Amino acid sequence: MISIQPLPADFDDWETLLSLILTAFAYMDGVIDPPSSAHHLTPQSLQQKASDEVCYLAQDGHEIVGCIFMRPEPAGYLYIGKLAVSPGAQGRGIGRKLLLAAEHQARQRGLPALRLETRIELTANHATFMAWGFAKTAEKSHTGYSRTTFIEMRKILE
């Protein structure tokens, strides 16, 4: 049984959470350019990220199988980042459940929409997010790149 809960206040297993993110994002290595910002995370920076943002965990018993980070933006959106599901747990609706937690957070904060960014090369992700109600709203480039490197997607909450 998968449970989706806010990160516990006494959470201290940052190595496991970092490992989950890196494992879930590993398929992007050699596919996206520039490389994922996940490679810049450390247990300490992940702990700081969790302190600055809202984090939810997906657990199967005591095993962490997914996570999502969220932060309210001045433009009135709840930004979604580092949505990760372990490869062995994918296909079980965990990503969708984590996004439902984000929708709940947005509504609690009076925010009308979710916003995320996904790399231009990850077309399967684009299709998944569209199936979950997101729409492409912009094409953007990382600093130093003259081509589109990622797209922005939003989901308006009803």
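The values are calculated or read from the model by the stated rules, or taken from the named source; none is laboratory data. Remember, it's a predicted structure, so these values are computed and weren't measured experimentally. We place every Cβ from the backbone using ideal geometry, glycine too, and count neighbours over all the protein chains shown.
What the table shows:
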read-out: Pick from segment 28-48, criterion without any contact (Cβ under 8 Å) to a residue 24 or more places away in the chain and in a helix (DSSP H, G or I), ranking: nearest to Thr148 (Cα to Cα); value: Ser37
read-out: Count of residues meeting criterion [within 22 Å of Pro6 (Cβ to Cβ) and either small (Gly, Ala, Ser) or part of a loop (DSSP other than H, G, I, E, B) (or both)] in segment 113-143; value: 2
read-out: Residue match in segment 2-17 (condition: over 24 Å from Ala113 (Cβ atoms), touching a Gly at 6+ places or on another chain (Cβ under 8 Å), at pLDDT 95 or above and surrounded by 15 or more Cβ atoms within 10 Å (Cβ to Cβ)); value: no
read-out: Which numbered condition Cys55 misses (of (1) more than 21 Å from Thr23 (Cβ to Cβ); (2) under 16 Å from the mean Cα position of the chain (by Cα); (3) not polar (S, T, N, Q)); value: (1)
read-out: Of the criteria (1) under 24 Å from Thr16 (Cα atoms); (2) under 15 Å from the mean Cα position of the chain (by Cα); (3) loosely packed, with under 15 Cβ neighbours inside 10 Å, which one Gly91 fails; value: (2)
read-out: Members of segment 102-156 that are crowded, with 19+ Cβ neighbours inside 10 Å and of a type in the set (Phe, Trp, Tyr); value: Phe129, Phe134, Phe150
read-out: Residue match in segment 62-72 (condition: over 17 Å from Thr118 (Cα atoms), in contact with a Ser or Thr (Cβ under 9 Å, 6 or more places away or on another chain) and surrounded by fewer than 15 Cβ atoms within 10 Å (Cβ to Cβ)); value: yes
